[in-house]
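Accompanying notes for the structure given below.
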Amino acid sequence: MSEVSFVRTEMLPEQAPPATTVGFVGWIRHNLFTGWFNSIATVLSMLVIYFVLSKILPWMFMSSWSAGSLHECREAIAAAYGEHHEGACWAVIRERWIQLFFGFYPSELYWRPILAFFSLFVALGPVLFAEYVPKKLIWFTAIFPFFGAWLLWGGSIWVPISAILGFVLGYVAYRVITPILGSLAGVIAAAAVPVLWWIALASLFASSLESIIPLGIEAVESRKFGGFMLSITIGVVAIFGSLPLGIVLALGRQSDLLIVKALCVGFIEFIRGVPLITLLFVASTLLNIFLPPGTNFDIILRVLIMVTLFAAAYMAEVVRGGLAALPTGQYEAADALGLDYWKAQRLIIMPQALKISIPGIVSTFIGVFKDTTLVSIIALLDPLGLLAGIRADSNWNGIVWELYGFLALIFFIFCFSMSRYSMYLERKLQTGHQ
Amino acid sequence: MSELAQKREADRSKMSVSDHIAVQITNMNKWYGAFHVLRDINLTVNEGERIVIAGPSGSGKSTLIRCINRLEEHQQGDIIVDGTELTSDLKNIDKIRSEVGMCFQHFNLFPHLSILENCTLAPIWVRKTPKKEAEEIAMHFLEKVKIPEQADKFPGQLSGGQQQRVAIARSLCMKPRIMLFDEPTSALDPEMIKEVLDTMIELAEEGMTMLCVTHEMGFARQVANRVIFMDQGQIVEQNEPEEFFNNPKSDRTKLFLSQILGH
């Protein structure tokens, strides 16, 4: 059958692709004008974009930056651009931006939140960009939660130090108990000892040391916190608190230990079944009823705990998704090599499960950060809460778009950065085609 | 089965069986829920034995070797591995697992770690070997499976055959006394089967105690000193390879061999 028989005598060389499929022209044809339907869609979209921008850009840029009230603003714009031009009155941002960032924090102490904000980035360095920063910096990351809180709230240096001491005691308890009573007892001791310390002894320890060696900075009350400073404080604590807590909950939910599992499932389902606002109301009002009279349990601390728990429940489910996506072979290989449960989790399972869950984790982070604006409902002065005050001011009565636009812009910057970072991280962690 | 695998002649001179018992399974039963997967298994493996376990799918052969390092739990009977009895005591399980290496059908390399890290992980974290020493050991075994140049790559960048050889090297880094192979070549292309089998033959030549679940009958003929045939969760027949292939006793074995060798 000679028609079927075929033998190639020489291999074909590689050729350049046709000019219309590569370069700028190729890109335009491929992305904007493939077929009549896409061409019409492209033209229509461009018209819509033009229409929107032709309204927004003049409003944004043919505007007034210096005025003492909305009325003055309108006069200045009318004088500059004509009676019928509608321009933005950015003067309100110029007058109030400091308040929007710091709330009613004492102005002579602004350096403290600013320093805390920048040291936050230094502390994040070893976590987010481990290969670019010196390894020793991780120590700063470890003490930052205490250092940052101390900067914001001020007060005696002995308070954060006694808080750190709780963790040190927990570690010591773990090291002492584990060899004697086994690792489960060690873990329980590592959790129980710090809690006992914080509840029973920490404040006594701090105040007695303070009376011997008074060392501290001016204290700032929680009700003076406000603006983006408050949002970022709540957001950062909730974000970095919820991830480890969520991981623990997700592992607990998969546990073979029935009671641990039931507790975790109950917690997750309860928190996810209740709106955040309800939890915040509980934090602001109901909690006081249950606490012994006279306890001064800081309102922001209560909110921080509630928002963190709320985020942790969602995080747990995101992490569980990552765990479920791992093939059982990974668990088996870890077991077969003799790794115990915690080592397998830490070295094999979690790195992969968290990598799979990055998009979900970052979505939760972004959601939590935006949810911080809900605290305005329980009368904390986050940016949204402050806006109500500014709009009630007779000078700025009636102003809407400029303020909300500014708020949206700041939130967008934070959320977009998180989103970009997560994409960078996903690319970085890509190992081969799997 | 692959013909390529038969081209390399195994050197049986060093494959000696000692009278020291490596694995002893007595009256072992296992159920999945109500399903009786392993029925009254009795098996004694001496040190240095190369045992091939064959049988149709669902006959319980994988489950059997997975019981030996407690990836599966048995409900009745005893399993004693290297003098340690397998019970629910975690210390015993960890001890046995660090003595028993295992290779899986789907390799189960850790995709987020480089080849070298895959190999050094267990020695560093289980055996507490210093990192440098662990890396030297890892490179030694990677050279042995003939892929030292891939040490810095990730599993996803390697071919299936290379991945399985890394998996073997990873197990060997723990210096195991017993190796379990759970269909190590079933997920591989014919060309890659050979390179994995060659590695396994080399291992056998060095006197490693091996239990292999495999369909590679050529490998069984060449390397094994005993072939075990399982069906419906039971050991149906066991014999020396020559006798097993040339003169099978039970009808079930004859049927199985005619099907697997028939093509």
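Couple of notes before you dig in:
- Around the amide H of residue B:103, modelled in the peptide plane, lie the amide H atoms of B:180, B:181, B:182, all under 5 Å away and 5 or more residues distant in sequence or on another chain.
- By other beta-carbon atoms within 10 Å, ranking B:21, B:51, A:199 with the fewest at the front produces A:199, B:21, B:51.
- Antiparallel bridge percentage (DSSP; both residues within the protein assembly as shown; nearest 5): 55
- GluC sites (Glu not before Pro) restricted to region A:78-184 and DSSP loop, no more than 16 other C-beta within 10 Å: A:83, A:86, A:131
- Ratio of the Cα radius of gyration of region A:224-429 to 2.2 N^0.38 Å, where N counts its residues: 1.21
- Efficiency of FRET from Cβ geometry, residue A:5 and residue A:137, R₀ 60 Å, rounded to 0.05: 0.30
- For region A:18-47, the set of chymotrypsin sites (Phe, Trp or Tyr not before Pro) satisfying both a DSSP loop assignment and a count of at most 14 other C-beta atoms within 10 Å is given as A:33.
- Beta bridges by DSSP in chain B, antiparallel share as percent, to the nearest 5: 55
- Mean Kyte hydropathy of 0.0 or more with a Cα span along the axis of at least 24 Å, helices from DSSP in chain A: A:35-61, A:111-128, A:158-181, A:227-253, A:299-325, A:350-371, A:401-428
- The label point for residue A:265 and the one for residue B:40, both projected 7 Å from the Cα toward the Cβ, are 3.9 nm apart.
- Of A:378, A:188, A:366, the one that fluctuates the most in a GNM where chain A has Cα springs shorter than 10 Å: A:188
- Note on chain A: with a GNM built from Cα contacts shorter than 10 Å, the maximum mean-square fluctuation among A:350, A:46, A:315 falls on A:46.
- Dmax and Rg, reported as Rg then Dmax, of region A:65-158 (C-alpha, Å): 21.3, 62
- Cα-based Rg and Dmax for region B:168-234, where Dmax is the largest Cα-Cα distance (Å): 12.2, 35
- Highest mobility in the GNM of chain A, judged by mean-square fluctuation with C-alpha springs under 10 Å and restricted to A:354, A:258, A:407, is found for A:258.
- Distance from the C-alpha centroid of region A:155-218 to that of region B:22-39: 50 Å, rounded to the whole angstrom.
- Pairwise label distance in nanometres, residue A:32 with residue A:281, each label 7 Å out on the Cα-Cβ vector: 5.3
- As computed over region A:340-434, the Cα convex hull volume per residue (Å³): 118
- Over region A:157-217: Kirkwood hydrodynamic radius from C-alpha pairwise inverse distances, Å: 12.1
- 10 Å Cβ shell holding at most 14 others, DSSP loop, GluC sites (Glu not before Pro): longest site-free stretch of chain B: B:74-205
- When shorter helices are ignored and each DSSP H run of at least 4 residues is given -39500 (n - 2.57), the per-residue value for chain A at 222 nm works out to -22500 deg cm²/dmol.
- Of interest is the spacing of the C-alpha centroids, which for region A:320-355 and region A:20-51 amounts to 47 Å.
- Annotation for region A:77-177: chymotrypsin sites (Phe, Trp or Tyr not before Pro) lying in DSSP loop with at most 15 further Cβ atoms inside 10 Å of their Cβ are A:104, A:110, A:129, A:132.
- The convex hull built on the alpha-carbon positions of region A:62-102 has an orientation-averaged projected area of 2.6 nm².
- Cross-link table A:136/A:261; A:343/B:61; B:95/B:254; A:135/B:95; A:261/A:428, entries beyond 32 Å C-alpha to C-alpha: A:136/A:261; B:95/B:254; A:135/B:95; A:261/A:428
- If you model the protein assembly as shown as an ellipsoid using its alpha carbon gyration tensor, with each semi-axis the square root of five times an eigenvalue, the axes come out at 62, 38, 22 Å, biggest first.
- Entry for chain B at q = 0.07, 0.13 Å⁻¹: log10 I(q)/I(0) = -0.23, -0.84, Debye formula applied to identical alpha-carbon scatterers, no solvent contribution.
- In nm, spacing of pseudo-spin labels at residue B:152 and residue A:164 (7 Å Cα→C-beta vector): 3.9
- Cα-Cα separations in region B:100-246 greater than 27 Å, expressed as whole percent: 23
- Close amide H partners of residue B:236, meaning residues 5 or more places away or on another chain with modelled amide H under 5 Å apart, are B:229, B:230, B:231.
- Förster radius 60 Å - calculated FRET efficiency between residue B:250 and residue A:221 (Cβ-Cβ, nearest 0.05): 0.10
Since every read-out is calculated from the coordinates, none of them should be taken as a lab result. All figures in this text were calculated on a predicted structure; none of them were measured in a lab. Please note: Cβ atoms are built from the backbone with ideal geometry, for glycine as well, and neighbour counts cover all protein chains shown.
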